């Protein structure tokens, strides 16, 4: 990045008790250029947790996510679908699959600018917190790989070692801001001196919860809101592997082809006057 978004007055570590600083980073399309949940779908398929039909639906949801077409209602439906999908899964098996494949699925999509910015915050003595609507079982290994200090993520209810389908905490929208304030009270962060970064308009409460909000790769709506609130605006363009890139395998290519096929089908229907917006 050409200029750092960090306030020069913040450098030099933690000034005193109660004056600690943290940087809160959204995960999907802010730290990584993809959806963390969809990224693991191929491994969940191989592990017997998903069917090919589930992967097809995930590919469509991932397509909507990448093109920014998933509104709040669609996001809620996806959340409900994912919670129902995970019902009965063994937590230990999910944890094992994620731990074994986190580098394979996440490394190639990490934004270099995000990694550099995290390093700047650490050098300034700030904590780095990854905030995501994805489940803790996915987010915690990714955060550990990135060297983050804490995680705020969705918590799925567990009974007898399996997901029940219920959600104890959904880290989305206003809930992210609430969790940030709770963590700040626990860790002694001064939110007026803290930072937050996100690409999504749904994270406006998160950006408003701190003194230094930043919109990453904002669309027109988020750009306008950022200007109204005096938030910084950043452009991340360089996904780069944290280690040498690995081949993701043919299944992920199939998922991409399914998404492209869905787009082509929609375009044909729209051309023929049968598609709705």
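The values are calculated or read from the model by the stated rules, or taken from the named source; none is laboratory data. None of these values were measured; they are calculated from a predicted model. Neighbour counts run over all protein chains shown; Cβ positions are idealised from the backbone, glycine included.
Assorted remarks:
- Filter result for residue 156 (part of a helix (DSSP H, G or I) and touching a residue at least 12 places away in the same chain (Cβ under 8 Å)): no
- Candidates are the residues of region 159-188 that are surrounded by fewer than 15 Cβ atoms within 10 Å (Cβ to Cβ) and assigned to a strand (DSSP E or B); the one that is modelled with the lowest pLDDT is 166.
- Of the criteria (1) closer than 20 Å to residue 34 by Cα; (2) touching a strand residue (DSSP E or B) at 6+ places or on another chain (Cβ under 7 Å), which one residue 138 fails: (2)
- Inter-residue pairs, beta-carbon under 8 Å, first at positive phi and in contact (Cβ under 8 Å) with a residue 24 or more places away in the chain and in region 183-202, second in a strand (DSSP E or B) and crowded, with 19+ Cβ neighbours inside 10 Å, 6+ apart: 188/20
- Yes/no for residue 246 being part of a loop (DSSP other than H, G, I, E, B) and at pLDDT 95 or above: no
- Inter-residue pairs, beta-carbon under 7 Å, first surrounded by fewer than 19 Cβ atoms within 10 Å (Cβ to Cβ) and in region 112-130, second in a strand (DSSP E or B), 6+ apart: 122/128
- For region 1-55, the set of residues classified as part of a loop (DSSP other than H, G, I, E, B) and at pLDDT below 70 consists of 1, 2, 3, 7, 11, 12, 13, 14, 15, 16, 17, 18, listed by residue number.
- The conditions of being on the phi < 0 side of the Ramachandran plot, surrounded by fewer than 19 Cβ atoms within 10 Å (Cβ to Cβ) and modelled with pLDDT of 95 or more are met by residue 149.
- Scope region 189-222; condition at pLDDT 95 or above, over 17 Å from the mean Cα position of the chain (by Cα) and in a helix (DSSP H, G or I); matching residues: 191, 192, 193, 208
- Filtered residue count, region 116-148, keeping only those that are closer than 19 Å to residue 216 by Cα, part of a helix (DSSP H, G or I) and under 14 Å from the mean Cα position of the chain (by Cα): 2
- The lone exception for residue 228 - which of (1) out of contact with any strand residue (DSSP E or B) (no Cβ under 9 Å at 6 or more places or on another chain); (2) in a loop (DSSP other than H, G, I, E, B) it fails: (2)
- Conditions (1) over 13 Å from residue 129 (Cβ atoms); (2) touching a helix residue (DSSP H, G or I) at 6+ places or on another chain (Cβ under 7 Å): number failed by residue 176: (1)
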